[in-house]
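Colleague: Sharing a structure below in structure tokens format, with a few things to ask.
Computed from the coordinates by the stated procedures, all read-outs in this text should not be read as laboratory data. Predicted, not measured: the structure shown is a model, and the values here were computed from it. Positions of Cβ are generated from backbone atoms using ideal geometry, with glycine treated the same way; all protein chains shown enter the neighbour counts.
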Amino acid sequence: MQKLILASILAFSFTDAAFAAVRTVTLSVPGMYCAVCPITVKKALEKVPGVSKVNVSFEKKEAVVTFDDARASINALEDATFEAGYESTVKAAARDGQPK
């Protein structure tokens, strides 16, 4: 009986993890105007819980962010760049299938 209870507890504790997905989204960050801007944007995005990888391109004026969608959201990513002084939006093709 104890084994059954333990198995049930373990099964329920991992249920949320089964629904999480690692996603990658590209944010357009048009306000970057100097070589320091991408560093600021990257640091802001890396502070969002659930973000695992950030690549920022000054030339393309974009940030590619990989995150755990159970811990972070697109809104949280956009808010992080905004709080750092850079408005961002998800590029149209990347938003398909992504909750906002």
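Colleague: Residue by residue through region 20-34, what is 3J(HN,Hα) from phi via Karplus (6.51 cos²θ - 1.76 cosθ + 1.60, θ = phi - 60°)? Round to whole Hz and write x for glycine and proline.
Modeller: Result, ordered by residue: 6, 9, 8, 10, 10, 9, 10, 9, 7, 10, x, x, 6, 10, 8 Hz.
Colleague: Output the relative contact order of region 20-95, whole-number percent, from Cα pairs under 8 angstrom with separation of 6+ residues.
Modeller: 42 percent
Colleague: While we're looking at this one, here's another question. 5 Å is the cut-off here: which amide hydrogens, built 1.01 Å from N in the peptide plane, fall below it relative to Ala70, excluding neighbours closer than 5 in sequence?
Modeller: Those qualifying (amide H under 5 Å, at least 5 residues apart or on another chain) are Ala21.
Colleague: Exposure proxy check: Leu45, Leu77 ranked by fewest other beta carbons within 10 Å? Each step should come with its number before you reach the end.
Modeller: Numbers: Leu45 27, Leu77 23.
Ranked by crowding around the Cβ, least crowded first: Leu77, Leu45.
Colleague: What does the charge add up to near Pro38, with Lys and Arg as +1, Asp and Glu as -1, over the other residues with Cβ less than 14 Å from its Cβ?
Modeller: Working: positive: Lys42, Lys43, Lys60, Lys61; negative: Glu46, Glu59, Glu62.
Once positives and negatives cancel, what remains is +1.
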